[in-house]
Amino acid sequence: SYDADATHVTIEFLWDKIIISDNWYWMSYDDIEKKWLFVGYSSKVDTDDEWIIKETRNRRKNFQRSYAGAKWVGRFACDRLWSHLVLYSKKEWWQESKLLVPRDKFEEDMNKEFWSINVDLSVSEDNQISKEGTTLIISDLRSSRDRQKKLRLKKQLMKLISPLEENNKDLFQIEIISKDELEEDEKTTRLRKKVNGIIVNDTLETIKDYTVYIDFSYNKEGVSLSLYDRGRYVFSYKKVSNNYNQLERISWTLYYLNRTAKSEFRKLMWEDNVGYGSIFIFKNTIRVYPFGEEWEDSFWLNKRKGQWYARYLWLRELLGYVDVKDHQNKLIEKTSRDWWFLDNESYRQLKTFILEEGVYKLEKYVVDALDWTESREHD
């Protein structure tokens with residue numbers, strides 16, 4: 001939906017199905033037959049249609065988006081959930097198209113090649129979509145959908161979008177609708193404990209006044225840094241650097257979580273910071289997995305901490321959001337969406353930037369300067 005330039009996505013839970021709808025990039029009957037049903041194909045990248053090229057360029061200029069996906073296999077994302085999938089797609093003044101994909105056909109004979117299995121594609125009279133967009137209806141679900149699972153989904157979707165993109169809040173929204181949870185939602189005032197509603201990643205706002213954090217940015221003009229201590233501005237600097245010429249633009253915030261910050265995080269987020277995650281990386285505002293996961297330590301910070309415990313910071317003390325703009329796709333995700341970037345020069349420069357311009361700077365202040373001043377707070 002994000003790559004299709006949607007501005008609003010709804011995930012609706014009904015008794016026996018899940019309905020996912022967005023409001024922009026539509027597909028005609030021919031688009032579904034000749035493009036969507038071809039694995040790994042994207043008309044957004046490979047097209048000779050001048051109108052589509054012009055329309056796509058204008059939309060992406062307005063939204064300032066780059067494609068988050070790079071392998072064009074996201075259409076398989078619901079495979080784990082469904083036994084039956086129905087796709088509807090419609091441009092407001094076009095006919096509505098309907099694609100029915102019964103999973104059992106693909107499981108009847110494991111020796112049958114994927115492309116040889118027929119699906120049911122037709123011009124629909126269902127009027128499932130009132131205006132324009134694409135809708136997926138997933139039914140015969142493989143597992144139950146209790147309240148706790150929906151709340152876990154909401155938490156993961158909250159992590160999906162960078163909280164640094166303040167200007168994009170009105171341009172891309174994800175909303176969960178589950179009418180059977182409305183009564184329970186009314187019993188709590190905490191948005192994070194409600195299933196229904198638009199998802200907002202406000203994590204950074206919860207702990208700014210309780211700890212030390214650094215805001216960074218990088219572009220072709222150099223590196224900028226500003227440091228804050230419990231809501232108070234301390235210092236900032238800018239410097240020219242040619243060490244990151246394979247990177248385009250980076251903005252990120254890194255927090256040191258002291259005891260007070262961890263306590264406040266637990267009260268506000270209803271979970272420990274360790275379970276929530278550490279340093280998250282976003283490519284063009286969309287999260288790259290598994291960066292930030294509890295077990296993930298691609299920067300070797302935990303191992304380094306063990307070498308000199310009192311001298312270094314580790315993931316249990318850090319929370320960060322790194323947003324990388326990469327319109328030229330130099331940072332390439334591996335084929336499996338849960339396994340970092342390819343180890344090329346761009347990724348090596350990104351790791352160096354995160355460590356030397358971020359972690360080590362924060363570490364220098366917390367371990368050296370802050371420890372020295374804490375005992376002299378009365379002065």
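The values are calculated or read from the model by the stated rules, or taken from the named source; none is laboratory data. For clarity, every value in this text was computed on a predicted model and none was experimentally measured. Cβ placement follows ideal geometry from the backbone for every residue including glycine, while neighbour counts extend to all protein chains displayed. Heavy atoms of the whole protein, side chains included, go into the accessibility calculation; ligands, DNA and RNA do not. Shrake-Rupley method; radii C 1.70, N 1.55, O 1.52, S 1.80 Å.
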TODO: Mind listing just one residue for me: the one in the range 323-379 that is among the polar types (S, T, N, Q), surrounded by fewer than 15 Cβ atoms within 10 Å (Cβ to Cβ) and not in a loop (DSSP other than H, G, I, E, B) and, of those, modelled with the highest pLDDT?
DONE: 352
Task: Residue count for the range 93-107, restricted to those that are surrounded by 13 or more Cβ atoms within 10 Å (Cβ to Cβ) and modelled with pLDDT under 75 - done: 5
Task: Among (1) at pLDDT below 90; (2) among the aromatic types (Phe, Trp, Tyr); (3) out of contact with any helix residue (DSSP H, G or I) (no Cβ under 8 Å at 6 or more places or on another chain) - the single one residue 237 does not satisfy - done: (1)
Open item on the list: If I filter the range 204-226 down to residues being over 17 Å from residue 161 (Cα atoms) and outside any strand (DSSP E or B), which single residue comes out as most open to solvent (accessible area, probe 1.4 Å)?
Closed with: 221
- [ ] Evaluate the range 26-37: report whether one residue or more is open to solvent by less than 20 Å² (accessible area, probe 1.4 Å) and modelled with pLDDT under 75.
- [x] yes
Task: Positions within the range 142-171 being part of a loop (DSSP other than H, G, I, E, B) and modelled with pLDDT under 80, in sequence order - done: 142, 143, 144, 162, 163, 164, 165, 169, 170, 171
Open item on the list: Cβ-Cβ distance below 6 Å, separation of 6 or more or different chains: which pairs start in the range 258-276 with a residue that is farther than 13 Å from residue 316 by Cα and end on one that is open to solvent by 60 Å² or more (accessible area, probe 1.4 Å) and in a helix (DSSP H, G or I)?
Closed with: 260/210; 264/210
TODO: From (1) without any contact (Cβ under 8 Å) to a residue 60 or more places away in the chain; (2) under 23 Å from residue 9 (Cβ atoms), pick out the condition that doesn't hold for residue 287.
DONE: (1)
Task: Considering residues of the range 281-302 that are hydroxyl-bearing (Ser, Thr, Tyr) and within 21 Å of residue 357 (Cα to Cα) only, the residue modelled with the lowest pLDDT - done: 285
Task: the range 227-248, residues that are open to solvent by 30 Å² or more (accessible area, probe 1.4 Å), in contact with a Phe, Trp or Tyr (Cβ under 8 Å, 6 or more places away or on another chain) and assigned to a strand (DSSP E or B) - done: 228, 234
Task: In the range 1-38, the residues that are over 19 Å from residue 157 (Cβ atoms) and either in a loop (DSSP other than H, G, I, E, B) or in contact with a Cys (Cβ under 9 Å, 6 or more places away or on another chain) (or both) - done: 15, 16, 25, 26, 27, 28, 37, 38
Task: Which numbered condition residue 251 fails, given (1) open to solvent by 10 Å² or more (accessible area, probe 1.4 Å); (2) at pLDDT below 85; (3) of a type in the set (S, T, N, Q) - done: (2)
Open item on the list: Would you confirm whether or not the range 58-80 contains a residue that is at pLDDT 65 or above, under 30 Å from residue 328 (Cβ atoms) and surrounded by fewer than 13 Cβ atoms within 10 Å (Cβ to Cβ)?
Closed with: yes
Open item on the list: Restricting to the range 254-297, and then to whatever is aromatic (Phe, Trp, Tyr) and touching an Asp or Glu at 6+ places or on another chain (Cβ under 7 Å), can you tell me which residue is surrounded by the most Cβ atoms within 10 Å (Cβ to Cβ)?
Closed with: 282
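If you take the residues of the range 292-322 that are aliphatic (A, V, I, L, M) and assigned to a loop (DSSP other than H, G, I, E, B), which of them is nearest to the chain's Cα centre (by Cα)?
The qualifying residue nearest to the chain's Cα centre (by Cα) is 313.
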Open item on the list: Can you tell me how many residues within the range 198-255 are under 19 Å from the mean Cα position of the chain (by Cα) and of a type in the set (Phe, Trp, Tyr)?
Closed with: 1
Task: Pick from the range 174-203, criterion among the polar types (S, T, N, Q) and in a loop (DSSP other than H, G, I, E, B), ranking: nearest to residue 13 (Cα to Cα) - done: 178
Task: Subset of the range 108-152 (residues that are surrounded by 15 or more Cβ atoms within 10 Å (Cβ to Cβ) and free of Cβ contacts under 8 Å to residues at least 40 places away in the same chain) - done: 124
